[in-house]
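Undergrad: Let me begin by handing over the structure; questions about it come next.
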Amino acid sequence: MFSLFYGLWKYMFSKTEFHVLILGNDKAGKTTLLEKLKSLYSNLEGLPPDRIVPTVGLNIGRIEVSNTKLVFWDLGGQPGLRSIWEKYYEEAHAVIYVIDAACPSRFEDSKSALEKALRHEDLQGAPLLILANKQDLAEAVSAEELARYLDLKKLDERVYMFEAVSAYDGMGIKEGLEWLVDAMDRSKRTQMLRARAGDLAEAVSAEELARYLDLKKLDERVYMFEAVSAYDGMGIKEGLEWLVDAMERSKRTQMLRARAGVTGPASA
Ligand SMILES: Nc1nc2c(ncn2[C@@H]2O[C@H](COP(=O)(O)OP(=O)(O)OP(=O)(O)O)[C@@H](O)[C@H]2O)c(=O)[nH]1
Ligand SMILES: [Mg+2]
């Protein structure tokens, strides 16, 4: 039981870390958004827009929002670089998809790249925040218009939201991000990623494991189940003390000692 309570405690009070993938066409404003996020949520002054160059590799940004650590992965959006995106899908808790709302001629390209990403099974269940960026420009369409235009059929069962933002002046970014953190907190995908990372909140107790294994052959053997964590050391001392004691009392130890020519009782 202890392991379950400990797991629950750890689950509730330790800082959660989420990985957020920032995707979208080239020139949509992904890196500008990342730098703005750093300015808004950390002590770091993000790069000014005129120092930002097209992304070829990966930009990483870390911020903290209400006791939650967020790690952003910003990838290059040029068509030749999009094949790299899927390498990051498996570990991502959520996706921010950035669209240049002032450039309707590229909506179709955005839509097909997004649909392709959403079809990938490694992104199953990942909450999706679609940003209609560049709202500081007069010609930018609203979030509603962009949603109508994209008309994404595949979104039905996905947790998603459209938000109008400007990576230049910061408009809408906090609202979008708050929604995303909440969506990741509630998401089944987050549970799944935690379980895969071996989070103790998902671990069953030693008793439950023993019941599950139901080892018939153990009847005559001296044995014990112990709940442990090789990460933080929980349970390991108790298990090892029991094992030393069991070895001292064991007939097998007597037999091995006799074979090695050591005389006297096993506990000597
Ligand atoms: N007016 C305006 N321009 C923006 C905004 N966000 C980005 N830009 C401009 O759009 C261009 C592309 O921005 P980036 O952030 O490099 O775009 P990206 O999506 O990272 O592009 P890749 O790295 O090539 O995939 C730059 O000239 C930015 O200054 C915005 O909110 N408003
Ligand atoms: Mg970029």
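The values are calculated or read from the model by the stated rules, or taken from the named source; none is laboratory data. Just so it is clear, the model here is predicted, and its values are computed rather than measured. We place every Cβ from the backbone using ideal geometry, glycine too, and count neighbours over all the protein chains shown.
Undergrad: So, in the stretch 13-53, exactly how many residues are buried (at least 17 other Cβ atoms within 10 Å of the Cβ), more than 10 Å from ligand 1 (Cβ to nearest atom) and part of a loop (DSSP other than H, G, I, E, B)?
TA: Total meeting the criteria: 1.
Undergrad: What pairs come up if the first residue lies in the stretch 22-38 and is in the same structural domain as Ser112 (by TED's automatic domain parsing), the second is near ligand 1 (Cβ under 8 Å from one of its atoms) and assigned to a helix (DSSP H, G or I), and their beta carbons are under 6 Å apart, counting only those six or more places apart or on different chains?
TA: Between residues of the stretch 22-38 that are in the same structural domain as Ser112 (by TED's automatic domain parsing) and residues that are near ligand 1 (Cβ under 8 Å from one of its atoms) and assigned to a helix (DSSP H, G or I), the close pairs are Ile22/Lys30; Gly24/Lys30; Thr32/Pro49.
Undergrad: Could I ask something else about it? Step by step: first the residues of the stretch 54-73, then only those that are part of a strand (DSSP E or B) and aliphatic (A, V, I, L, M), then the one that is farthest from ligand 1 (Cβ to nearest atom). Which residue is that?
TA: By that ranking, first place goes to Val65.
Undergrad: Find all pairs meeting these conditions: Cβ atoms under 6 angstrom apart; at least six residues apart or on different chains; first residue within the stretch 164-188 and in a helix (DSSP H, G or I); second residue near ligand 1 (Cβ under 10 Å from one of its atoms).
TA: Correct list of pairs: Ile173/Val165.
Undergrad: Could you tell me whether Leu123 is within 15 Å of ligand 1 (Cβ to nearest atom), within 22 Å of Asp26 (Cβ to Cβ) and hydrophobic (A, V, I, L, M, F, W, C)?
TA: No; evaluated as a whole, the condition is false for this residue.
Undergrad: Looking at Ala197, is it out of contact with any Pro (no Cβ under 6 Å at 6 or more places or on another chain) and either surrounded by 12 or more Cβ atoms within 10 Å (Cβ to Cβ) or farther than 28 Å from Ser83 by Cα (or both)?
TA: no
Undergrad: If you don't mind, there's one more thing I want to ask. With the condition kept exactly as written, say whether any residue in the stretch 135-143 is within 26 Å of the chain's Cα centre (by Cα) and either closer than 19 Å to Gly29 by Cβ or not in a helix (DSSP H, G or I) (or both).
TA: For the stretch 135-143, residues within 26 Å of the chain's Cα centre (by Cα) and either closer than 19 Å to Gly29 by Cβ or not in a helix (DSSP H, G or I) (or both): absent.
Undergrad: Counting just the residues of the stretch 75-128 that are in contact with a Gly (Cβ under 8 Å, 6 or more places away or on another chain) and in a loop (DSSP other than H, G, I, E, B), which one comes out surrounded by the most Cβ atoms within 10 Å (Cβ to Cβ)?
TA: Taking the candidates together, the pick is Gly77.
Undergrad: Kindly check whether there is at least one residue in the stretch 208-223 that is in contact (Cβ under 8 Å) with a residue 12 or more places away in the chain, away from ligand 1 (no atom under 16 Å from the Cβ) and either under 30 Å from Ile96 (Cβ atoms) or part of a loop (DSSP other than H, G, I, E, B) (or both). Reasoning before the result, please.
TA: Applying the first criterion (in contact (Cβ under 8 Å) with a residue 12 or more places away in the chain) to the stretch 208-223 yields 209-210, 222.
In the following step, the residues that additionally are away from ligand 1 (no atom under 16 Å from the Cβ) were identified as 209-210, 222.
From what is left, the residues that are either under 30 Å from Ile96 (Cβ atoms) or part of a loop (DSSP other than H, G, I, E, B) (or both) are 222.
So far as the stretch 208-223 goes, yes, one or more of its residues are in contact (Cβ under 8 Å) with a residue 12 or more places away in the chain, away from ligand 1 (no atom under 16 Å from the Cβ) and either under 30 Å from Ile96 (Cβ atoms) or part of a loop (DSSP other than H, G, I, E, B) (or both).
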